1. Working out 0.36 nm times the residue gap between Leu116 and Met128, then minus their Cα-Cα distance, what length gain in nm do you get to one decimal?
2. Ranked by Cβ crowding within 10 angstrom, fewest neighbours first, how are Met86, Met81 ordered?
3. What distance in nm lies between label points placed 7 Å from Cα along the C-beta direction at Arg98 and Asn48?
4. Report the full-extension gain for the segment Tyr105 to Glu146: residue separation times 0.36 nm, less the Cα-Cα distance, to one decimal in nm.
5. Using label points projected 7 Å from each Cα along Cα→Cβ, tell me how many nm separate Leu158 and Glu83, to one decimal.
6. Give me Rg/Rg_expected for the stretch 35-160, where Rg uses Cα atoms only and Rg_expected = 2.2 N^0.38 Å with N residues.
7. Report D for the stretch 115-166 in µm² per second (integer): Stokes-Einstein, Kirkwood Rh on Cα pairs, 25 °C, 0.890 mPa s.
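No value in this document is a laboratory result; all are computed from the given coordinates. No experiment lies behind these values; they were computed from the predicted model shown. Heads up, the Cβs are rebuilt from the backbone with ideal geometry, glycines too, and the neighbour counts pull from every protein chain shown.
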Amino acid sequence: MRKLLAVMLLGLLPLYAQYAHAEQVKDMAQDLAEHPIKDPAVEKRLINLSQKLRCLVCQNESLASSHAELAEDLRRQVREMIEKGMTDKQITDYLVARYGDFVLYDPPVKETTLLLWYGPFGLVLVGMAVLFYQLRKRRRLIKEPELSPEAHHRAAALLNDEEDNQA
């Protein structure tokens, strides 16, 4: 029953991804309806930047797909900065200075984010070391039983009898 449920859920994942993408497109369309396109280049830059920035309220959504009021304010602010002629780098630098690296979906590698970037690799290495240690420990504990000379002769006789029967 559990396997059937797991298979059903895995089968629904592509549908959910399609739905999530459709929702994001619908959200961007709604945002564009609220703020009519004056310059297509500005809107294209806004969409690209919004997908690279994280919503500070939702935390696991991009600025482009978030419904939070703060996300709408940030999108409006980014649009205004683009219209003022600021570059993408200047806009992201401004937002990082104001909100920290958390606002970026792809934070840079630096001292404060080392654990974020290399922590998973460290955990895998520690897990492999523990597994290796446990396997070696188990191998030392499990010893093959020593055969007495009598048991050895009996086994040899059985093997010889089996070879004679096959021939």
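1. Working: separation 12, 0.36 × 12 = 4.32 nm, distance 1.97 nm.
So the chain would gain 2.4 nm between Leu116 and Met128.
2. On the way: Met86 15, Met81 19.
Ordered by Cβ neighbours within 10 Å, fewest first: Met86, Met81.
3. Output for this residue pair reads 2.1 nm.
4. Working: separation 41, 0.36 × 41 = 14.76 nm, distance 6.12 nm.
Extra length available between Tyr105 and Glu146 comes to 8.6 nm.
5. 9.0
6. Working: Rg = 30.5 Å, N = 126, 2.2 N^0.38 = 13.8 Å.
Against the empirical 2.2 N^0.38 Å value, I get 2.21 for the stretch 35-160.
7. On the way: Rh = 15.3 Å.
D, rounded to a whole number, is 160 µm²/s.
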